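Heads up, the thing below is written out as structure tokens.
The values are calculated or read from the model by the stated rules, or taken from the named source; none is laboratory data. Quick caveat: nothing in here was measured; it's all calculated off a predicted structure. Note that each Cβ is placed from the backbone with ideal geometry, even for glycine, and that neighbours are counted across all protein chains shown. The protein model used for the area step is the full one, side chains on, heavy atoms only, and it has no ligands, DNA or RNA in it. Shrake-Rupley method; radii C 1.70, N 1.55, O 1.52, S 1.80 Å.
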Amino acid sequence: MRFVSKLPEVGTTIFTVMSRRAAEEGALNIGQGFPDYPVDPLLAELIGEAVRDGHNQYAPMEGSRALREQIAAKIERCYGYRPDPIAQITVTCGATEALYDAIQTVVGPGEEAVIFDPAYDVYEPAVRLAGGRCIRIPMTPPVFAYDWDRVRRVISDRTRLVIINSPQNPSCTLARRADLDQLAALIRDHPISVLSDEVYEHVVFDGERHASVLAHPELRERSFAVFSFGKTLHATGWRTGYCIAPPAETLELRKVHQFNTFSIAAPLQEAIARYLARAPQAWEQLAGFFQARRDLLADELRGSGLRVHRAQGTFFQLIDYGALDAGDDLHFANRLINEAKVAVIPLSVFYAEAPPMTLVRLCIAKQESTLREAARRLREFAQRAARHGA
Ligand SMILES: Cc1ncc(COP(=O)(O)O)c(C=O)c1O
């Protein structure tokens, strides 16, 4: 090779590995996070309409004006704060691009970003591509609490960014307002920005409310808040997300976005804008929709020996297999593919250094029939495993 790899230790992601193995073994794939049911027919209708109405050329670099107006109204309804659609909202290629752009905007060579393990896998490579490095703070099961004392100890004059994610994938836990207060106090006197990954903002269970940085007057002055229509509209393939940040930060972020993707598919933006205008409360059903699936899975697995770790949010659910198998989670995930014909994701891969644990992650963004079938296979596997003394 005539160049040096910038990400030498990055291989194929665990999602690809597990999905490939699931396909080889004919296993039911409830590992990777995407819905297996259709989008709202109205949304499907509106995409055709947008194409027919001629929204087929480059959209504005920062995002269509109609969509940004709808986003501003939605954020105001949810968090009591109206971002300026002209100066503060940028439409991106999924949340992934927004996260990447924000990291390139803020982190420079030799600088550091604090992230919390188990961490979604896009943060660290993006920090490394910016020439920086991640300081990874572990959160330990079963509670996965933020260790703010430890954060205080790692903050230095190299720290530029703290990345939080709530509801968190893959721990399925929430950051509460008290966590945001602690974070605000810790960084108050430092030139540190916050990148807040809030793609599961509407998937919060048991009557709790999502604590957005946008509802936190101090934090929103230094935050990049990232959202995903892929998650909110059950349309992960539409690759449409957005970033909300103060005007000066947005100006810099758009410099990265402009030379990265430039602008996002015009008909998709138009269709989403029209959808939000016609169904402004559509996302209010999301929490109930996924909570019903979480509870269905818990009911189906009750007494099986596989213990459900009651998710507080996200469209995932952790399962503790400790009563059935003493091996590590990668071994157990492979065992499930082979013996139960069910594919899941091990949790330890989301850590730099995983504490001892026996947890795997399931995706509940599936049809009820898919979840029932997965649970049936898992129950039968668990019975066999228990009979053979694990
Ligand atoms: C925590 C988290 N952030 C960001 C993303 C990426 O969102 P998008 O598909 O909109 O790029 C995901 C997708 O799984 C996620 O789980």
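Starting from the Cα-Cα distance between Asp157 and Val4, subtract it from 0.36 nm times their residue separation and give me the gain in nm to one decimal. Walk me through the numbers on the way to the answer.
Values: separation 153, 0.36 × 153 = 55.08 nm, distance 2.90 nm.
Once the chain is fully extended between Asp157 and Val4, it gains 52.2 nm.
Quick one: in the chain, what % of C-alpha pairs are over 34 Å apart? List each step's numbers first, then the result.
Details: 22289 of 75855 pairs.
It works out to 29 percent of all Cα pairs.
With viscosity set to 0.692 mPa s at 37 °C, what whole-number translational diffusion coefficient in µm²/s follows for region 178-220 from Stokes-Einstein and a Kirkwood radius over Cα pairs? Walk me through the intermediate numbers first.
Details: Rh = 11.5 Å.
My calculation gives 284 µm²/s for D.
So what are the ³J(HN,Hα) numbers for region 189-200, from phi and the Karplus equation (6.51, -1.76, 1.60; θ = phi - 60°), rounded to whole Hz, Gly and Pro as x?
9, 10, x, 10, 9, 10, 10, 10, 8, 10, 5, 9
For an R0 of 25 angstrom, estimate the FRET efficiency from the Cβ-Cβ distance between Gln383 and Arg20 and round to the nearest 0.05. Could you put the intermediate results ahead of the total?
Numbers: r = 28 Å, r/R0 = 1.13.
With a Förster radius of 25 Å, E is 0.35.
Just subtract the alpha-carbon distance of Phe262 and Arg82 from 0.36 nm times their residue separation and send over the number in nm, one decimal. Let's see the in-between values first.
On the way: separation 180, 0.36 × 180 = 64.80 nm, distance 2.50 nm.
Between Phe262 and Arg82, full extension yields 62.3 nm more.
Within region 117-132, whose backbone N sits under 19 Å from a point 7 Å along Cα→Cβ of Tyr351?
The answer is 117-124, whose backbone nitrogens lie closer than 19 Å to the label point.
With every protein chain left in place, what is the accessible area per residue of the chain in square angstrom, probe 1.4 Å?
Numbers: 16360 Å² over 390 residues.
Roughly 42 Å² per residue, with all protein chains present.
Roughly how far apart, in whole Å, are the Cα centres of region 63-81 and region 271-317?
What the calculation gives is 23 Å, centre to centre.
In region 50-138, what percent of the accessible surface is made up of carbon and sulfur (1.4 Å probe, ligands and nucleic acids excluded)?
Values: 1730 of 3360 Å².
The nonpolar share, carbon plus sulfur, comes to 51 percent.
For Phe224, enumerate residues with amide H under 5 Å from its amide H, sequence gap 5+ or separate chain, H modeled in the peptide plane.
Sorted by chain and number, the residues that satisfy this are Val194, Leu195, Ser196.
Would you mind getting the Kirkwood hydrodynamic radius of region 1-63 from its Cα pairs, rounded to one decimal in Å?
Numbers: mean 1/r = 0.0603 Å⁻¹.
Across region 1-63, the inverse of the average 1/r is 16.6 Å.
Which order do you get for Ile155, Ile71 if you rank them by accessible area with a 1.4 Å probe, largest at the top? Please report the intermediate quantities before stating the final value.
Numbers: Ile155 30, Ile71 0 Å².
Ranked from most to least accessible, the order is Ile155, Ile71.
Amide H to amide H under 5 Å from Phe316: which residues, 5+ apart in sequence or cross-chain, H placed 1.01 Å off N in plane?
It is Ile364, by chain and number.
So between Asp149 and Ala73, what do we pick up on full extension, going 0.36 nm a residue minus the alpha carbon distance?
Details: separation 76, 0.36 × 76 = 27.36 nm, distance 3.69 nm.
Result for the pair: 23.7 nm of gain on full extension.
Determine how many Å³ per residue the convex hull of the Cα atoms of region 112-233 encloses.
On the way: hull volume 13.1 nm³, N = 122.
Output value, Cα hull per residue: 108 Å³.
On a 1.4 Å probe surface of the protein chains, which of Asp84, Asp157, Asp299, Asp325 comes out largest in accessible area, and what is the full order?
Working: Asp84 65, Asp157 125, Asp299 90, Asp325 15 Å².
Solvent-accessible surface, decreasing: Asp157, Asp299, Asp84, Asp325.
Cβ neighbours within 10 Å, averaged per peptide: list 348-356, 269-277, 94-102, 52-60 in order, most packed at the top.
Peptide ranking by packing, descending: 94-102, 269-277, 348-356, 52-60.
With label points built 7 Å along Cα→Cβ from the Cα atoms of Arg372 and Arg176, find their separation and express it in nm.
3.7 nm
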